[in-house]
Amino acid sequence: MSITISSTFDAGNIEVVNIENHEKIQLKIRKDTNSDFLQWFYFRMQGVKEQSCKLNIINAGDAAYPEGWESYQARASYDREIWFQIPTKYDGKTLSMEFTPEFDSVYIAYFAPFSYEQHLDLVNNAQHSSLCTLESIGETTEGRPIDFLRIGDEDKTKKNLWVIARQHPGETMAEWFMLGLISRLLDEENATSVSLLKKANLYLVPNMNIDGSILGNLRVNAKGVNLNREWATPSIENSPEVFYVKQKMKEIGMDFNLDVHGDEGLPYVFISGIEGIPSFNQKLSELTDSFMQNWKRINPDLQDEFGYPKNKPGEANLMICSKNLGEEFKCLSQTLEMPFKQNDNIPDSIFGWSAERSIKLGESLPSTMLSIVDNL
Ligand SMILES: [Zn+2]
């Protein structure tokens, strides 16, 4: 049986260079739409049962974050539910995976994908809860609805807490996180969530970059725009995803924001704060600190030893979501990063950082929110 490799499905991304010899398969990652970024890959390989395959991604060195390949293990799945790590090496140019599949058909991806169908199931299932309403607040550049969830009773005296995810579409762990967060918030038998909703309304955008997700991009929308550099000057033409969400934020107000991402380089879960914004003060400093201390006690996957260097006063880039919103609303606003690699803090040799761990981290956010909501 000859080998075939395909990627013409939701979020698929690969170009076949040579598959004549299963031990010397040559592949390339396609660039993001209208952009030079590349890193996300996702493809299906068939005709490979019990054949020792060596797959070489020959343009891995041109990736957006080549350091992302150091100590990285690609993920594989037979059923697209269980994604396990396969032996992967990087020589500074080529990313090589060696693998003898147990079945004829196998999927290989940068990280466990979260498809548009899964997204639609997530938001449509959420609206079944009497606590939640689903609305479209605008269209992407390719005309898809931007799905927005409101959880709570809209009581204006309560705090307004925002969580948005997946501005960078290849960072699928961000939407797995939202799945965990939403299921916990809508669990009416969970005392934490019930107590939180007595004090707050939650506003959620589970996927900020629907088009980019379907296109199999790492970092940009269909126009080639990096949404996380658009927050100072979003436009309907190039970044409607940011334009409409920010408009809604201004309409509703904001006392807390978390922007959920994945980080290609660091093998840790960490938070990037707003230390460098002009309005950073003692209150925001104390909130930043107590939010971190409480969350890492509640879920030790999070840590604060490793992360991005903190901005010096006045040096924050206000085009970035969390910093822009922290300044605009003078509130606690942060970026959460989860790894594509391993969480070296608490490693898992079979799965690495996974969809399941991302879900559990999302489930742990309401407890942390409850611990600080009175101080927001
Ligand atoms: Zn990101």
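The values are calculated or read from the model by the stated rules, or taken from the named source; none is laboratory data. What you are looking at is a predicted structure, and each value in this text was computed from that prediction instead of being measured. We place every Cβ from the backbone using ideal geometry, glycine too, and count neighbours over all the protein chains shown. We work out accessible area using only protein heavy atoms, side chains counted, and drop any ligands, DNA or RNA first. Shrake-Rupley method; radii C 1.70, N 1.55, O 1.52, S 1.80 Å.
Side notes on the structure shown:
- In Hz, Karplus ³J(HN,Hα) per residue of the stretch 282-296 (6.51, -1.76, 1.60; θ = phi - 60°; x = Gly, Pro): 4, 5, 5, 5, 5, 5, 4, 5, 5, 4, 5, 4, 5, 5, 6
- Cα principal axis extents for the stretch 178-252, largest first, Å: 43, 29, 14
- E70-D36 pseudo-label distance in nm [points 7 Å out on the Cα-to-Cβ vector]: 2.2
- Convex hull volume of the stretch 128-249 per residue (C-alpha atoms, cubic angstrom): 101
- Cα lying deepest toward the dipole's positive end in the stretch 133-204, options L181, S193, G143, charges on Cβ: S193
- Over the stretch 168-325, equivalent-ellipsoid semi-axes from the Cα gyration tensor in Å: 24, 21, 18
- Per-residue ellipticity at 222 nm, computed for the chain from helices alone with -39500 (n - 2.57) per DSSP H run of at least four residues, works out to -7500 deg cm²/dmol.
- Overall dimensions of the chain as given by Cα atoms, namely Rg and Dmax in Å: 20.5, 67
- Shape summary: the stretch 288-376 maps onto an equivalent ellipsoid whose semi-axes, from the alpha-carbon gyration tensor, are 25, 17, 12 Å in decreasing order.
- Along the stretch 355-362 the Karplus relation, 6.51 cos²θ - 1.76 cosθ + 1.60 evaluated at θ = phi - 60°, assigns HN-Hα couplings of 4, 5, 5, 5, 4, 5, 5, x Hz to successive residues, with x for each Gly and Pro.
- The simple Förster model, with R0 at 30 Å and r as the Cβ-Cβ distance, assigns S2 and D79 a FRET efficiency of 0.80.
- Cα-centred dipole magnitude for the stretch 32-82, charges only on beta-carbon of K, R (+1) and D, E (-1), debye, nearest 20: 320
- Exposed-site-free run, longest, the chain (rule: GluC sites (Glu not before Pro); DSSP loop; at most 16 other C-beta within 10 Å): 238-304
- For the chain, the solvent-accessible area of protein heavy atoms averages 40 Å² per residue (probe radius 1.4 Å; ligands and nucleic acids excluded).
- When the charge dipole of the chain is built from unit charges on Cβ atoms (+1 for Lys and Arg, -1 for Asp and Glu) and taken about the Cα centre, the candidate among L325, Y78, L215 whose Cα reaches farthest toward its positive end is L325.
- Of I25, V106, G47, farthest towards positive along the dipole that unit charges on Lys, Arg, Asp, Glu beta carbons give the stretch 1-151: I25
- Only protein atoms count toward the accessible area here, which uses a 1.4 Å probe; on the chain, the carbon and sulfur part of that area reaches 47 percent.
- J(HN,Hα) series, the stretch 298-311, from Karplus relation 6.51 cos²θ - 1.76 cosθ + 1.60, nearest Hz, glycine and proline x: 6, 9, x, 4, 7, 8, 10, 7, 10, x, 6, x, 6, 5
- About the Cα centre, charge dipole magnitude for the stretch 124-197 (Lys/Arg +1, Asp/Glu -1 at Cβ), debye: 220
- For the stretch 206-313, trypsin sites (Lys or Arg not before Pro) meeting the loop criterion (DSSP other than H, G, I, E, B) and having at most 15 other Cβ atoms within 10 Å: K310.
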